[in-house]
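Just below is one structure, and these are the notes that go with it.
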Ligand SMILES: Nc1ncnc2c1ncn2[C@@H]1O[C@H](COP(=O)(O)OP(=O)(O)OP(=O)(O)O)[C@@H](O)[C@H]1O
Ligand SMILES: [Mg+2]
């Protein structure tokens, strides 16, 4: 489809059902419906084990999960039939949760090859060679200019570009790499999973500032998070509560405030879900543990 209508610029998740590949009959996601419109910021919150990370992984095409039903549309294509590489070439940014260390590969080279791959386009036009600056790649001069611009935007030290990817990176530095990569790639839809473990307040701040610096009418964001605190810094247009593999409630940003005040208990009961844990255990963490 070449027509660039508004529908082509929104992420549409229809009846998405997902199971672990090891147990395809034990569905984790039991029919997710969600539309993230062009330029909208949607937050997904939910108790532990509700399927938030599974949703992010399914959208990324993680090999440990199998989609048992449903469809995800983006730019007129069924996203789920595309390789992770093609998803990125189509302007989706899927933050990798735990990037592995790549010794000997600098941050700059890593981001440059990701940018060149994207410039090559989704169908890999044979006339374009992303390693050749004349036939489609970004020139070194242009790339350096872009990196400087984005590092200034994210208030990052320029020496970061020459570090090796993830080698000895702190949690915060991993988040910086993720934000810089996103800034340079200029995606139209970013799917971010700000999970529980290993995320300190510094890392949360980096994500919040990074996303806010990048927000523009052409960037849609699906922000998966545990922390109400993050939503004090990134104002979502919509908040969805995921519980037991389904979206049980959607609302505006006031829903996040309600969750902070009341926990998940009332919403789960309203949705007719049995809660075997106490309301206390269903409180929404305001910020990572260990913060004064
Ligand atoms: N690969 C897998 N194999 C088997 N079970 C899995 C797999 N991945 C997730 N699960 C199970 O699916 C459920 C949802 O997990 P998921 O990680 O998506 O939850 P979550 O909402 O991200 O939780 P948290 O808030 O703790 O990050 C959990 O019960 C989990 O144990
Ligand atoms: Mg998770």
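No value in this document is a laboratory result; all are computed from the given coordinates. The structure displayed is predicted, hence computed values, not measured ones. Note that each Cβ is placed from the backbone with ideal geometry, even for glycine, and that neighbours are counted across all protein chains shown.
Data overview
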| item | result |
| --- | --- |
| Distance (nanometres) between label positions extended 7 Å along Cα→Cβ at residue 67 and residue 114 | 2.2 nm |
| Nearest 10 degrees, 0 to 90: helix 140-153 Cα axis against the chain principal axis | 30 degrees |
| DSSP beta bridges in the chain [antiparallel fraction, %, rounded to 5] | 55 percent |
| Value of relative contact order over region 6-282, rounded to a whole percent, pairs C-alpha under 8 Å and six or more apart | 25 percent |
| Distance in nm between pseudo-label sites at residue 158 and residue 124 (7 Å out along the Cβ direction from Cα) | 3.6 nm |
| Within a Gaussian network of the chain (alpha carbon springs, distance under 10 Å), most fluctuating of 105, 16, 231 | 105 |
| Largest to smallest principal axis extent of the C-alpha atoms in region 6-151, angstrom | 50, 37, 29 |
| Helical mean residue ellipticity (222 nm; -39500 (n - 2.57) per DSSP H run of 4+; nearest 500) of the chain | -9500 deg cm²/dmol |
| Sorted peptide list for 221-230, 79-88, criterion being average Cβ within 10 angstrom, highest first | 221-230, 79-88 |
| Förster radius 25 Å - calculated FRET efficiency between residue 30 and residue 83 (Cβ-Cβ, nearest 0.05) | 0.45 |
| Global form of region 6-282, assessed from the alpha-carbon gyration tensor, a/c cut-off 1.5 | prolate |
| Tilt relative to the chain, helix 107-119 - C-alpha long axis, 0 to 90 degrees, to 10 | 90 degrees |
